[in-house]
There are 2 protein chains.
Amino acid sequence: MWYGFAGKLLRVNLTSGEFKVEELDKNELRKYMGCVGYAAKLLYQEMPAGIDPLAPEAKVVLATGAVTGTSCPSGGSYEVCYKSPLTGTWNQARSGGAFGPKLKYAGFDFVVIEGKAKEPVYIYIHDGKVEIKAAKHLWGLNVEETTDTLIRELDDPEISVATIGQAGENGVLYAALINDRGRAAGRGGIGAVFGSKNLKAVVVNGRGGIKVARPKEFAAAIEKAEQWLKNYPLGSIPTLGTVGLVSLNNSLGILPTKNFQETYFEKADQISGEVLNRKYQIKRRACYGCSFACGRYTSVISGKYATPPMEGPEYETVDMFGPICGVDDLEAIIRANYLCNVYGLDTVSTGMSIGFSMECYEKGLLTEKDTEGMPLRWGDGEVMVKLVEKIAHREGICEFLAQGVKRMAEQLGPAAEEAAIHVKGLELPAHEPRSESKVLALQYAVSPRGGCHMHPNWASTWDFGQLDCGMKEFGMPWPPKEVQDESPQKGIAYRYVALQGEISEILGACIFYSWGTEGSCITPQLYAEIVSSLTGWDVTAEELMLAAERSWNLKRCFNAREGFNREHDKLPKRFTKAIPNGPAKGIKVVNLDVMLDAYYEAMGWDRATGNPTPEKLKELGLEFAIMAS
Amino acid sequence: MWYGFAGKLLRVNLTSGEFKVEELDKNELRKYMGCVGYAAKLLYQEMPAGIDPLAPEAKVVLATGAVTGTSCPSGGSYEVCYKSPLTGTWNQARSGGAFGPKLKYAGFDFVVIEGKAKEPVYIYIHDGKVEIKAAKHLWGLNVEETTDTLIRELDDPEISVATIGQAGENGVLYAALINDRGRAAGRGGIGAVFGSKNLKAVVVNGRGGIKVARPKEFAAAIEKAEQWLKNYPLGSIPTLGTVGLVSLNNSLGILPTKNFQETYFEKADQISGEVLNRKYQIKRRACYGCSFACGRYTSVISGKYATPPMEGPEYETVDMFGPICGVDDLEAIIRANYLCNVYGLDTVSTGMSIGFSMECYEKGLLTEKDTEGMPLRWGDGEVMVKLVEKIAHREGICEFLAQGVKRMAEQLGPAAEEAAIHVKGLELPAHEPRSESKVLALQYAVSPRGGCHMHPNWASTWDFGQLDCGMKEFGMPWPPKEVQDESPQKGIAYRYVALQGEISEILGACIFYSWGTEGSCITPQLYAEIVSSLTGWDVTAEELMLAAERSWNLKRCFNAREGFNREHDKLPKRFTKAIPNGPAKGIKVVNLDVMLDAYYEAMGWDRATGNPTPEKLKELGLEFAIMAS
């Protein structure tokens, strides 16, 4: 075992039913630092262009990082990296809980899954042992049932189970992988990939530790992090959870409503974090080692939306099943969240697919002939909840909804295009890109997994004004508020926002810990201290930025090889118009092209294609990713 | 705050809606040591004979003890003391979980509840503050729903809620009080008492500590206890939970079956602790500070008995809803246990009432005319589960069942008497009194709350042979196996078993920790070390025995004043016959009168009445309990 890492990769071939344990190369790993960075290298090198994401040849990487499972407060994450069946792009889906730490304690930094089992199986990894076990009896069970059954048959209540529900088995293109009962590797359809491989679940447990190179120094760095985090500026994350954003965003007029047609929801006070907290919340929930505990644990006691205790809903989910569908009944939202968790569905794509279909129904593009007589009216919580059930089982109209917004719009023709709110096929999350900073518009356009607000950072941190997240010393234009909307400096600055976020991705850290300033969050400089004392490597913040840049470039290269380029870096048409109502009425997206030009140039990428130049790749030591032209 | 105690008693009058905080008298408290001992004094002095247990005048004491909430591993208990509506006797119902510790952290050793509220209320005790709050919105909710609602409205997920369900509201005579969602103060009908007072729940939380007089010495005593407990002889309690007894007792031929008609259940292997553990258990559950974790946490995933995760079933419950009713379907048993927990029912009395009615149906004493056409056949799990539902709501035939076995038998006439398995109205638990040691037969006859195997000890520990539980030095006839069945020494020896168990009751400790030997359990000598260093009093094992004897005498006095005497110390007729089949075939109860004579004499009680003599009471300093003759 190395310092900070298990030092091992587990490769499981489901076709042959065999697995092997590979020793990692320390220099190679350090080049990418680990987690998503190393997974990007693996998938770039091992998964040639053009493979159907649902074919046996497709590969999946479960990745942990240096801080995963350590006492570093941000270390409860793992990432699932794969080619998305929804978008055809690179995808990475982060999840919290205890799965990542336990995988590492079991002795592996990475698991690479390839092939396809003849019959349903699950993979059981415990303390260095690996078993591929029959899962016929689990097929058809939901996430809760699967978890309960596995705990019993493995006779170990401490296992962490990452499993698909019926949605993944049925090939819903935005099916999720759920670990620890209610934590989702949500976006992009990893659930369908598992289903296509006849892989129901990965189960981990381990009692191994993580060796620390310089324990005193490491303890001091963690202590510093804990002290700094006492000043954490985004106080509502620990108190109200992400759902605190409902009230805030509505007051700013940037709460996506009715499939993004509007940005203000009159009844937001019915579905706010405060109401969730007072009426439905049982307790907060935290990922492994996290003191923020942004997770909620809620239930609905009685009535038509009665729901057993379950993790969530978080902000995205409340907006999706609330304002996006015009629904003002928090109980319907909690029920829909529950169903997504037990069936294994991404709440964002599920909500957006329903919102899209409601808009199409309003416009006459879908009629009751298509919906087995069910009107899809804005605000009808009962219909919404019914649709979630049907999507998981691909029943009736929901065979259509289960494809996601992009494919639905293509089939409905040009008139539906206006309602198709996605980038590269990934439905947008609950963040309005025309908001003050505008930089989120650029992020949506260029994120390697499509319309995403989280990978590799939440560009809107920009809006926080005085929070430099430790980036000042890297030359980030500052303070960002002073950068004019029409200025190309927005594009230049986004490079820093992205790379700072990518540091979390390559360390296996939660991005929430990266927002603040020196003294109030974990800055790249502080991560360098943590990683250095943990691994015994003398890592600087600059080295972390460089490894992050390699990762960020490789993901772009992965997509470039699949045929993506500047043409695909665009926004849904709806955002070329001004916000129509509410407190933010009149605000427009700035000229995206100006920002793209500046961003590509800052990245050292080709302006015309938006892809990394051979020179840039050489400079980063990524010669293998230079494509023959 | 004293050392080891909060030093305060809270008195709540529900009629006036007022409460007051009383300082305890240290010398008075020490005389009884606390918990059940002091509660016995309170109820003896404050609750004259003849009060209807369901009248406003009836009082209830919630009692904690010296070790409650400390790091002493047995300290997760509290006791509810009251006059039982089922038996008319003294009752004390112990429960684990976190309620007791939190009550003490909130600043109170005892809560005395008296009077009757006009409308439903609950009592909220937090950090020395007391509120009597409206509970109209909680009336009609089950235990889970009430707990969830209170967590939300009080906005504190760390509260401990002791609440009744529908059964207590509806006055079922064996309704329980459930705390921490699945821990029951089960026996004797405290739920009905709460219901009669319009009291839905008591909610506690506190962040206060417990002061330790001699911390180093206390830590050393606890460390000794922990070391000793590593040798704990009853290993199946920590591993399989109490339900491990199913297989053991069946193999010995002492598993009560078909309402105690038989003692061997052919299909016991279908419902054993091993099966529960492998197929239904999610995890173990522990009370506050307990390392044994005898609690199970189980669910049934699908099918007609599908059941959400819930605490239990423990051994008693499995026998009651299994062999006692002839049911061999563990899923039906888990479902019935769940319903008892959410509706707030004592599983023992519920199962025995159903078993009794099945025997009456078999014998033609109950027919389908009485049961709305529902046949009550042995082994019918569906009917059994339906009956549990109906008992909670006192529907149809279950208006009759909700009274308990004694009242049912009285109404059915002498022919039903043979099937009425209770002592003083309390239905017997799942322990066969004709088993090897016979001393359990004596315990059932004399327990102050009626047919009870737990208060103040489990007399069957006698069967463990080499386990003296630290009693040798008090002169207990030893080893007990050598005491002949027909010998009066059984009666003499029971005095020690009872008083050793009563030490747990007056300290607020769990009795499970008292079984073993010096070096493998917490003996009276070790408790004396723990209590001395905790309180700063120099308590000896002899002083603990003396306080235990006061408590044990006062409870007998309480019952004597209500009219109970030797005549009532008897066993159901069924046990005067030999065991009819199975491995223990032919075993009979010994002559109870011989044991009674010896026991009364050993206790210093009057042989004719079986009640404490004035001399004995004077010797114990309990002159106030001498009745005018």
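Restricting attention to the stretch B:226-243, does a residue exist that is within 14 Å of chain A (Cβ to nearest Cβ), in contact with a strand residue (DSSP E or B) (Cβ under 6 Å, 6 or more places away or on another chain) and not small (G, A, S)?
Looking for residues that are within 14 Å of chain A (Cβ to nearest Cβ), in contact with a strand residue (DSSP E or B) (Cβ under 6 Å, 6 or more places away or on another chain) and not small (G, A, S), one finds none in the stretch B:226-243, hence no.
Answer yes or no: is there a residue in the stretch A:63-72 that is within 17 Å of A:T163 (Cα to Cα) and in a strand (DSSP E or B). Break it down into steps so the answer makes sense when it comes.
Within the stretch A:63-72, the first condition is being within 17 Å of A:T163 (Cα to Cα), and the residues that meet it are A:63.
From what is left, the residues that are in a strand (DSSP E or B) are A:63.
Yes: the stretch A:63-72 contains one or more residues that are within 17 Å of A:T163 (Cα to Cα) and in a strand (DSSP E or B).
Is at least one residue of the stretch B:156-163 more than 14 Å from every other protein chain (Cβ to nearest Cβ) and either crowded, with 19+ Cβ neighbours inside 10 Å or over 22 Å from B:A63 (Cβ atoms) (or both)? Don't jump to the end; show me each part of the working.
Within the stretch B:156-163, the subset more than 14 Å from every other protein chain (Cβ to nearest Cβ) is B:162.
Filter again for either crowded, with 19+ Cβ neighbours inside 10 Å or over 22 Å from B:A63 (Cβ atoms) (or both), leaving B:162.
Among the residues of the stretch B:156-163, at least one is more than 14 Å from every other protein chain (Cβ to nearest Cβ) and either crowded, with 19+ Cβ neighbours inside 10 Å or over 22 Å from B:A63 (Cβ atoms) (or both), which makes the answer yes.
Looking at this structure, is A:P120 within 14 Å of chain B (Cβ to nearest Cβ) and surrounded by fewer than 23 Cβ atoms within 10 Å (Cβ to Cβ)?
On the way: within 14 Å of chain B (Cβ to nearest Cβ): no; surrounded by fewer than 23 Cβ atoms within 10 Å (Cβ to Cβ): yes.
So A:P120 fails the test.
Going through the stretch B:125-144 one residue at a time, which ones are without any contact (Cβ under 8 Å) to a residue 60 or more places away in the chain and either facing chain A (nearest Cβ under 10 Å) or charged (D, E, K, R) (or both)?
Keep residues of the stretch B:125-144 that are without any contact (Cβ under 8 Å) to a residue 60 or more places away in the chain, which gives B:129, B:131, B:133-134, B:136-137, B:140-141.
Answer for the stretch B:125-144, where residues must be without any contact (Cβ under 8 Å) to a residue 60 or more places away in the chain and either facing chain A (nearest Cβ under 10 Å) or charged (D, E, K, R) (or both): B:K129, B:E131, B:K133, B:K136, B:G140, B:L141.
Going by the structure shown, is B:R296 in the same structural domain as B:A416 (by the TED database), over 27 Å from B:L376 (Cα atoms) and buried (at least 24 other Cβ atoms within 10 Å of the Cβ)? Before the answer, list the steps.
Numbers: in the same structural domain as B:A416 (by the TED database): yes; over 27 Å from B:L376 (Cα atoms): yes; buried (at least 24 other Cβ atoms within 10 Å of the Cβ): yes.
Yes; evaluated as a whole, the condition is true for this residue.
Of all residues in the stretch B:417-453, which are assigned to a loop (DSSP other than H, G, I, E, B) and modelled with pLDDT under 90? Before you say what the answer is, go through the steps one by one.
In the first step, residues of the stretch B:417-453 are kept if they are assigned to a loop (DSSP other than H, G, I, E, B); the result is B:420-421, B:424-425, B:428-438, B:447-453.
Those that are assigned to a loop (DSSP other than H, G, I, E, B) and modelled with pLDDT under 90: B:R434, B:S435, B:E436, B:S437, B:K438.
Among the residues of the stretch A:235-259, how many are more than 27 Å from A:C521 (Cα to Cα) and crowded, with 24+ Cβ neighbours inside 10 Å? So that I can check it myself, show each step before the final result.
The initial filter retains those residues of the stretch A:235-259 that are more than 27 Å from A:C521 (Cα to Cα), namely A:253, A:256-259.
So of that shortlist, the ones also crowded, with 24+ Cβ neighbours inside 10 Å come out as A:256-257, A:259.
Total satisfying the criteria: 3.
May I ask you to list the residues in the stretch A:559-588 that are farther than 26 Å from A:F265 by Cα and either in contact with a Ser or Thr (Cβ under 8 Å, 6 or more places away or on another chain) or in contact (Cβ under 8 Å) with a residue 24 or more places away in the chain (or both)? Steps first, answer last, please.
Here is the first cut: in the stretch A:559-588, the residues farther than 26 Å from A:F265 by Cα are A:559-570.
The answer is A:N559, A:A560, A:R561, A:E562, A:G563, A:F564, A:N565, A:R566, A:H568, A:D569, A:K570.
For A:D148, indicate whether it is facing another protein chain (nearest Cβ under 10 Å) and over 14 Å from A:Y124 (Cα atoms). Please lay out each step first, then the result.
Values: facing another protein chain (nearest Cβ under 10 Å): yes; over 14 Å from A:Y124 (Cα atoms): yes.
Criteria met by A:D148.
Given A:E79, A:E23, which one is more than 19 Å from the chain's Cα centre (by Cα) and not small (G, A, S)?
Working: A:E79 fails: more than 19 Å from the chain's Cα centre (by Cα).
Answer to the selection: A:E23.
Scan the stretch A:203-216 and give yes if some residue there is surrounded by fewer than 20 Cβ atoms within 10 Å (Cβ to Cβ), assigned to a helix (DSSP H, G or I) and within 14 Å of chain B (Cβ to nearest Cβ), otherwise no. Step through it out loud before you land on a result.
In the first step, residues of the stretch A:203-216 are kept if they are surrounded by fewer than 20 Cβ atoms within 10 Å (Cβ to Cβ); the result is A:207-209, A:211-216.
From what is left, the residues that are assigned to a helix (DSSP H, G or I) are A:215-216.
Of the ones still in play, those that are also within 14 Å of chain B (Cβ to nearest Cβ) are none.
No, the conditions are met nowhere in the stretch A:203-216.
For the stretch B:351-389, which residues satisfy the criterion of being more than 24 Å from the chain's Cα centre (by Cα) and assigned to a helix (DSSP H, G or I)? Break it down stepwise before answering.
Step one: list which residues in the stretch B:351-389 are more than 24 Å from the chain's Cα centre (by Cα), which gives B:358-383, B:386.
Matches in the stretch B:351-389: B:M358, B:E359, B:C360, B:Y361, B:E362, B:G381, B:E382, B:V383, B:K386.
Say whether the condition of being closer than 23 Å to B:R566 by Cα, out of contact with any Cys (no Cβ under 6 Å at 6 or more places or on another chain) and of a type in the set (V, I, T) is met by at least one residue in the stretch B:447-467. Steps first, please.
First, the residues of the stretch B:447-467 that are closer than 23 Å to B:R566 by Cα: B:447-460.
From what is left, the residues that are out of contact with any Cys (no Cβ under 6 Å at 6 or more places or on another chain) are B:447-460.
Within this subset, residues satisfying the condition of being of a type in the set (V, I, T) are none.
No, that holds for no residue.
Quick check, is B:V342 modelled with pLDDT of 95 or more and within 14 Å of another protein chain (Cβ to nearest Cβ)?
Criteria met by B:V342.
Give the number of residues within the stretch A:271-296 that are under 25 Å from A:E389 (Cα atoms) and in contact (Cβ under 8 Å) with a residue 60 or more places away in the chain.
Matching residues across the stretch A:271-296 total 2.
Before we move on, is B:T64 at pLDDT 95 or above, surrounded by 20 or more Cβ atoms within 10 Å (Cβ to Cβ), within 20 Å of B:A185 (Cα to Cα) and in contact with a Phe, Trp or Tyr (Cβ under 6 Å, 6 or more places away or on another chain)? Outline the logic, then answer.
Working: at pLDDT 95 or above: yes; surrounded by 20 or more Cβ atoms within 10 Å (Cβ to Cβ): yes; within 20 Å of B:A185 (Cα to Cα): yes; in contact with a Phe, Trp or Tyr (Cβ under 6 Å, 6 or more places away or on another chain): yes.
Taking the combined requirement at face value, the residue satisfies it.
Is there a residue being under 21 Å from the mean Cα position of the chain (by Cα), surrounded by fewer than 22 Cβ atoms within 10 Å (Cβ to Cβ) and closer than 24 Å to B:R449 by Cβ anywhere in the stretch B:572-593? Break it down into steps so the answer makes sense when it comes.
So in the stretch B:572-593, the residues under 21 Å from the mean Cα position of the chain (by Cα) come out as B:572.
If we keep only those that are surrounded by fewer than 22 Cβ atoms within 10 Å (Cβ to Cβ) as well, we get B:572.
Retained after the next criterion (residues that are closer than 24 Å to B:R449 by Cβ): B:572.
Yes - at least one qualifying residue is present in the stretch B:572-593.
Going by the structure shown, is B:R181 within 14 Å of chain A (Cβ to nearest Cβ), surrounded by fewer than 24 Cβ atoms within 10 Å (Cβ to Cβ) and in contact with a helix residue (DSSP H, G or I) (Cβ under 7 Å, 6 or more places away or on another chain)?
Numbers: within 14 Å of chain A (Cβ to nearest Cβ): yes; surrounded by fewer than 24 Cβ atoms within 10 Å (Cβ to Cβ): yes; in contact with a helix residue (DSSP H, G or I) (Cβ under 7 Å, 6 or more places away or on another chain): yes.
Spelling it out, B:R181 is indeed within 14 Å of chain A (Cβ to nearest Cβ), surrounded by fewer than 24 Cβ atoms within 10 Å (Cβ to Cβ) and in contact with a helix residue (DSSP H, G or I) (Cβ under 7 Å, 6 or more places away or on another chain).
Can you list the strands (runs of 3 or more DSSP E) lying wholly within the stretch B:267-331 that have 1 or more residues being more than 11 Å from chain A (Cβ to nearest Cβ)? Step through it out loud before you land on a result.
Details: elements: B:281-285, B:295-300, B:307-311.
Here the list reads B:295-300, B:307-311.
When the stretch B:376-387 is examined, which residues are found to be in contact (Cβ under 8 Å) with a residue 60 or more places away in the chain and closer than 17 Å to B:M408 by Cβ? Steps first, answer last, please.
Applying the first criterion (in contact (Cβ under 8 Å) with a residue 60 or more places away in the chain) to the stretch B:376-387 yields B:378, B:381-382, B:384-385.
Selection gives B:M384 alone.
Can you confirm whether the stretch B:555-563 contains a residue that is of a type in the set (F, W, Y) and either within 20 Å of B:P429 (Cβ to Cβ) or part of a helix (DSSP H, G or I) (or both)? Please lay out each step first, then the result.
Let us first name the residues in the stretch B:555-563 that are of a type in the set (F, W, Y), namely B:558.
So of that shortlist, the ones also either within 20 Å of B:P429 (Cβ to Cβ) or part of a helix (DSSP H, G or I) (or both) come out as B:558.
Yes, the stretch B:555-563 has at least one match.
Which one of these is surrounded by 20 or more Cβ atoms within 10 Å (Cβ to Cβ), touching a Pro at 6+ places or on another chain (Cβ under 6 Å) and not charged (D, E, K, R): B:L617, B:L544, B:L554? I'd like the intermediate steps shown before the answer.
Details: B:L617 fails: touching a Pro at 6+ places or on another chain (Cβ under 6 Å); B:L554 fails: touching a Pro at 6+ places or on another chain (Cβ under 6 Å).
Testing whether each residue is surrounded by 20 or more Cβ atoms within 10 Å (Cβ to Cβ), touching a Pro at 6+ places or on another chain (Cβ under 6 Å) and not charged (D, E, K, R) leaves just B:L544.
Given the options A:D597, A:D593, name the one that is out of contact with any Gly (no Cβ under 6 Å at 6 or more places or on another chain), over 24 Å from A:P429 (Cβ atoms) and not hydrophobic (A, V, I, L, M, F, W, C). Talk me through it step by step, then tell me what you get.
Values: A:D593 fails: over 24 Å from A:P429 (Cβ atoms).
None of the others qualify; the one that does is A:D597.
Consider the stretch B:511-523. How many of its residues are surrounded by fewer than 24 Cβ atoms within 10 Å (Cβ to Cβ) and modelled with pLDDT of 95 or more?
0
Yes/no matrix, rows are residues, columns are (1) free of Cβ contacts under 8 Å to residues at least 40 places away in the same chain; (2) more than 18 Å from A:I579 (Cβ to Cβ):
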{"site": "A:E223", "(1), (2)": "yes, yes"}
{"site": "A:Q227", "(1), (2)": "yes, yes"}
{"site": "A:Y232", "(1), (2)": "no, yes"}
{"site": "A:T239", "(1), (2)": "yes, yes"}
{"site": "A:L245", "(1), (2)": "no, no"}
{"site": "A:S251", "(1), (2)": "no, no"}
{"site": "A:N259", "(1), (2)": "no, no"}
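The values are calculated or read from the model by the stated rules, or taken from the named source; none is laboratory data. Fair warning: this is a prediction, and the values are worked out from it, not measured in the lab. Please note: Cβ atoms are built from the backbone with ideal geometry, for glycine as well, and neighbour counts cover all protein chains shown.
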